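Step one of this worksheet: look at the structure below.
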Amino acid sequence: MASIVLPTDSPNFQIRFRYNGKQYYRSLKTDIEEEALIARRRAEDMIRLIDSGRLEVPPDADPATFILSDGKRTGRIPKLVVRTLGDLFRAFQTSRVDGGKEDDTVRGEGRHIRHMKRHLETRRIAQSMIVGDIQRYVDLRAKDKWRGGEIGPETIEKEVRT
């Protein structure tokens, strides 16, 4: 029904199976043969359930994704495109669930992001950030003044956690 192969051009096992007259190939994202064998058995079980009529693939579903996720997913997981720090800040602020956080917490996070935008280049590629960049932010933020006093380390720590 299904088979696993270890391609010559990849360290990860691949699963191959047929469903509804079409051949599917997917990476199992593992190089451990035992895990690949378990995934093959699970896929074969799912195909048996579908063939017996006990389970139905939704019409808008990607069959391979549905089978390999044990019927939990109907399509590939969309990747959130985050390129710059500005994109990252926007994604953070727009992805929250209504009622998931107290209003004061949301306002505080917004304030933290505004401070970070002052000291960090928002057009910078987010994945290029290194620990030294965060340390530079901490050093710059520690020099800022608020009501005539210094910014406390607890506040800076909260901003970095945000």
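The values are calculated or read from the model by the stated rules, or taken from the named source; none is laboratory data. The structure presented is a predicted model; accordingly, all values stated were derived computationally and were not measured. Here Cβ is always computed from backbone atoms with ideal geometry, including for glycine, and neighbour counts include all displayed protein chains. With ligands, DNA and RNA removed, areas are computed over all heavy atoms of the protein, side chains included. Shrake-Rupley method; radii C 1.70, N 1.55, O 1.52, S 1.80 Å.
Structure notes:
- When region 79-162 is described by a simple charge dipole with +1 on each Lys and Arg Cβ and -1 on each Asp and Glu Cβ, the residue from 93, 106, 129 located farthest towards its positive end is 129.
- Counting every alpha-carbon pair across the chain, the share separated by more than 18 Å comes to 71%.
- Normalised contact order of the chain, rounded percent, pairs of Cα under 8 Å and 6 or more residues apart: 13 percent
- Electrostatic dipole magnitude of region 70-162 [Cβ: Lys, Arg +1; Asp, Glu -1; Cα centre; debye, to 20]: 420 debye
- With the convex hull constructed from alpha-carbon coordinates only, region 3-53 shows a mean projected area of 3.5 nm² over all directions.
- Helix axis angle, 85-94 relative to the chain longest principal axis, alpha carbon, degrees: 80 degrees
- Only Lys, Arg (+1) and Asp, Glu (-1) charged, at Cβ; the chain dipole about Cα centre in debye: 560 debye
- Solvent-accessible area of the chain (1.4 angstrom probe, protein heavy atoms only): carbon and sulfur portion equals 50 percent.
- The separation of region 7-73 from region 122-162, counted between C-alpha centres, amounts to 46 Å.
- GNM remark for the chain: springs join alpha carbons under 10 Å apart, and the peak mean-square fluctuation among 65, 74, 94 falls on 94.
- Over the chain: helical MRE at 222 nm, DSSP H runs n ≥ 4 each giving -39500 (n - 2.57), nearest 500: -14500 deg cm²/dmol
- Converting the Cα gyration tensor eigenvalues of region 52-126 into ellipsoid dimensions via √(5λ) gives semi-axes, longest first, of 39, 17, 7 Å.
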